[in-house]
Amino acid sequence: MSDREKAELLKRLVGEVSWERIFQKLGLSARRRTSGVLVLRCVFHREASPSLHCWPSGNFKCHGCGLQGNFVDFVSGLEFKDVCGADDLIDFFITLPSPPDPNQLPLPFINAKPAF
Ligand SMILES: [Zn+2]
């Protein structure tokens, strides 16, 4: 794969990423605010109370240590200590857990047992 093809693949993969999928893969848990922002304890510095904010747009910022960036910055800073290349990132993003299947609808109401 050429560098250009790798860059295009990485761009496509990052376009399908969500914080939920990254956190699931890394075993992190976050609290969702009504605004949609996910808040968790910073993974880049030690802290007692959560100050790492992750927006649905893909940006993050820690109000404790000041680190900020996007999905790629988060993953490269955390998983590869800033020494990652396109191959490492593609590997990480391509093995993320799948998003929930929108076609997987709950069973039809007609099959539900009466509540009384
Ligand atoms: Zn921090």
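Where a number appears in this text, it was derived from the coordinates with a stated rule and is not lab data. Worth saying up front: this structure is predicted, and the values here are computed from it rather than measured. Don't worry about glycine lacking a Cβ; one is built from the backbone with ideal geometry, like all the others, and counts go over all protein chains shown.
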Fill in: Contact order normalised by residue count of the stretch 3-99, Cα under 8 Å, 6+ apart, percent
28 percent
Worksheet item: Taking Cα atoms of the stretch 3-99, Rg/Rh with Kirkwood Rh, to two decimals?
Response: 0.96
Worksheet item: What nm distance separates the two modelled labels at Ala48 and Lys25, each placed 7 Å from Cα along Cα→Cβ?
Response: 3.4 nm
Practice prompt. Return the sequence-ordered ³J(HN,Hα) values of the stretch 7-21 in whole Hz as given by the Karplus equation 6.51 cos²θ - 1.76 cosθ + 1.60 applied to θ = phi - 60°, using x for Gly and Pro.
Written response: 4, 5, 5, 4, 4, 5, 4, 5, x, 9, 7, 9, 4, 4, 5
Worksheet, complete the sentence: Rounded to the nearest 0.05, FRET efficiency between Glu5 and Val37 (Cβ-Cβ, R0 25 Å) equals 0.15
Worksheet item: Name the trypsin sites (Lys or Arg not before Pro) in the stretch 1-54 that are in a loop by DSSP and that have at most 10 other C-beta atoms within 10 Å, would you?
Response: Arg33, Arg46
